[in-house]
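Scroll down for the structure; my scribbles are underneath it.
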Amino acid sequence: MENWLNRTELLIGTEALYKLQNSTVVVFGCGGVGSYVIEGLVRSGIGNLVIIDNDIVDITNMNRQLIADTTTIGKAKVDVTKQRALLINPSIKVTTFQEFANKANFATMIPKDCNYIVDAIDSVTSKIDLVCYANQNHIPLISSMGTGNKLNPSMFEITDISKTSVCPLAKVIRKELKKRAIFHLKVLYSKEVPYRFNQEDILKRTPASISFVPSVAGLIIAGEVINDLIH
């Protein structure tokens, strides 16, 4: 069979491809953003992947999550994600944890040879604790800010948390990290003002969403991880 990564190798070179094949990336969350992060990483040739998510696929996920379809509803997200990754690259090593991420289990889930962490977690507390853990252990991390209540994917950008504005989640994370004397964090966020068809619903707990927003966010994050690893 022809080398399926041939075109990737033409773009980044043999040495960089080898580096990706020997890299370990940990992704927390495989939902709207995380599922597309993982897709981008797998198709780029990442050799070792650890995925963490305690959730199962729900019918409400079908409008935006790569792993959600009529055949996967009710299945564990990490199991569906692993199966998809292996169908793309049978040689990839995928480790899964169907657990809720918190500071009590980070050390057991994040391998010592981890090269990069992606935070696509919904829980604010877990996000903050994960950033603290990565900072203490000197592991590169990129964190996804809010992608709900957004309609314009072209407004996403990667920057430092200190330079964010508009995004309500980024504001909370920035404030909490400052309390912990952490002033820098690579994030993906959007300057788009939170939007709903009925703006009176903007403060409702369940965020509005659409297919082409979290997917773009996930692929941008995947691209950032790949470029950081090879440069």
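Here, each number is a calculation from the coordinates, and none is a lab measurement. Quick caveat: nothing in here was measured; it's all calculated off a predicted structure. Counting neighbours? That spans all protein chains shown, and the Cβs are built from the backbone with ideal geometry, glycine included.
If you take every DSSP beta bridge whose two residues both sit in the chain, what share of them, in percent to the nearest 5, is antiparallel?
25
Quickly work out the Ile158-to-Asp69 label distance, labels modelled 7 Å from Cα along the C-beta direction, and quote it in nm with one decimal.
The two pseudo-label positions are separated by 2.9 nm.
Between Val124 and Phe183, what FRET efficiency follows from the Cβ-Cβ distance if R0 is 22 Å, with the result rounded to 0.05?
0.75
If the label point is 7 Å along Cα→Cβ of Arg7, which residues in the stretch 20-42 have backbone nitrogen under 16 Å from it?
What the label zone holds, given the 16 Å backbone N cut-off, is 40-42.
Work out, step by step, the length gained on full extension between Asn102 and Ile230: first 0.36 nm times the residue separation, then minus their alpha carbon distance; give nm to one decimal.
Net length gain for the segment: 43.1 nm.
If the chain between Ile139 and Arg43 were fully stretched, how many nm would it gain, using 0.36 nm times the residue separation less the Cα-Cα distance? Show your work: numbers first, answer last.
Values: separation 96, 0.36 × 96 = 34.56 nm, distance 2.29 nm.
Stretched out fully, the Ile139 to Arg43 stretch lengthens by 32.3 nm.
Using a basic spin-label model with each label point 7 Å from the Cα along Cα→Cβ, how many nm lie between Leu87 and Arg205?
3.4
Between Ile59 and Gln21, how many nm apart are label points set 7 Å from Cα along the C-beta direction?
So the label points at Ile59 and Gln21 sit 4.5 nm apart.
Using a 10 Å cut-off on Cβ atoms, rank the peptides 187-200, 55-68 from the highest mean neighbour count down.
55-68, 187-200
In deg cm²/dmol and to the nearest 500, what is the mean residue ellipticity at 222 nm of the chain if only DSSP H runs of at least 4 residues count, each as -39500 (n - 2.57), divided by the residue total?
So the helix-based figure for the chain works out to -11000 deg cm²/dmol.
When only C-alpha pairs under 8 Å and at least 6 residues apart count, what is the relative contact order of the chain, in percent?
Details: 422 pairs, mean separation 54.3, N = 231.
With pairs under 8 Å counted, the relative contact order is 23 percent.
At 0.890 mPa s and 25 °C, plugging the Kirkwood radius over alpha-carbon pairs of the chain into Stokes-Einstein gives what diffusion coefficient in µm²/s?
The estimated diffusion coefficient comes to 136 µm²/s.
In whole Hz and in residue order, list the ³J(HN,Hα) couplings for the stretch 105-115 that follow from phi through the Karplus curve 6.51 cos²θ - 1.76 cosθ + 1.60, θ = phi - 60°; x for Gly and Pro.
3J(HN,Hα) across the stretch 105-115, in whole Hz: 10, 4, 5, 7, 9, 9, x, 5, 9, 4, 9.
Hey, in the GNM for the chain with a 10 angstrom Cα cutoff, which one of Thr96, Thr125, Thr147 fluctuates hardest?
Thr125
Considering the stretch 83-160, what Rg and Dmax in Å follow from its alpha-carbon atoms?
My reading of the Cα-based Rg and Dmax gives 14.7, 38 Å.
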